[in-house]
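The values are calculated or read from the model by the stated rules, or taken from the named source; none is laboratory data. Please read all numbers here as calculations on a predicted model, not as lab measurements. Glycine gets a Cβ as well: all are built from the backbone with ideal geometry, and neighbour counts include every protein chain shown.
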Amino acid sequence: MSMNFNFLRSSSRIGYRFSTKSFLTGLIVEVFGPTWEVWFGCPANKICSYHGLRRDDKRFGGDPWLQSTVLTFPWVNLSLILEAQQQWYQRHGAGRHFEHPVPPRDPDHAVGGFGHATDVAACFDADWETWTTGYPQALLSDFEKEPQYIDIHSWTRVPDRLLDGPLDLDKARLLFWLARGGPRLFYPPTWEVTVHGYESTMALSDPNLACYVLRAFLRLGVFEHWPEFLLDEKLDEARKRYRDYESFNQLTLPVRRLWWVAHQVLQLHYVRSGSRVVPEVFEEY
């Protein structure tokens, strides 16, 4: 399959002829399949590590430039990716061992094993449910307690369209698939892009959805690329807004929870970077 994406953009007629669902899923299989061939079904926390693992280009399989380019296209959504991964599994991965890094609540997915991933979308949904059920502090501070695979080359760039917001549920689930799949922001966009994404996330009408996005941002390393003055500003804002909801009820509890999560993810960056430890720790809402 030719990877000249400019050819597809050369005319609307050519673009239309190559926009069938079968072509698009085939393109995703072609681009991401080499990574799945190496790592599909392997929990990232059970893969032997060594110094420089994340930057070992040859270990991951796949071409990060091609994967990054495909992810920029607006037609790439989670449904299409999962359908492509299902097609790849049926052709190349049937019978392979698949293990959920964190045992899902769904008993059908609690064990895993050889031939487990007969329904790739169902496995994703089980991980999504695990990840979005509750907001204990452990899930914010310990990535070992989060679903993590290597479905994407570690150098693959997360597209700006998923970082500058605002995101709906479908895009948030796609962002989780990316965070779950392994990439980090080694080649980040400018911090102006991600701060716009943060601000649009905090303005979402659904506070629960906003919490999911913030946790995905933390997993991807978004806040590691913010200047310190911006972290100070947003941390102070989160602290103030959280205290504004000290007298809360069932209607305002989700908003209070959102500002708690915002405070925690920003504070955790300081703790991990060692640049400054913020001593104040809020009680869990």
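Does segment 72-87 hold any residues that are part of a helix (DSSP H, G or I) and under 21 Å from the mean Cα position of the chain (by Cα), and which are they?
The answer is T72, L78, S79, L80, I81, L82, E83, A84, Q85, Q86.
The residues of segment 44-89 that are modelled with pLDDT under 95, surrounded by 14 or more Cβ atoms within 10 Å (Cβ to Cβ) and of a type in the set (G, A, S), listed by number, are A44, G61, G62, S68. Of all residue pairs spaced 6 or more apart or on separate chains, none has beta-carbon atoms under 6 Å together with a first member in segment 208-223 that is not assigned by TED's automatic domain parsing to the domain that holds V261 and a second member that is in a helix (DSSP H, G or I) and modelled with pLDDT under 90. When S205 is tested against (1) modelled with pLDDT of 90 or more; (2) surrounded by 15 or more Cβ atoms within 10 Å (Cβ to Cβ); (3) of a type outside the set (K, R); (4) out of contact with any Leu (no Cβ under 6 Å at 6 or more places or on another chain), just one condition goes unmet, and that condition is (2).
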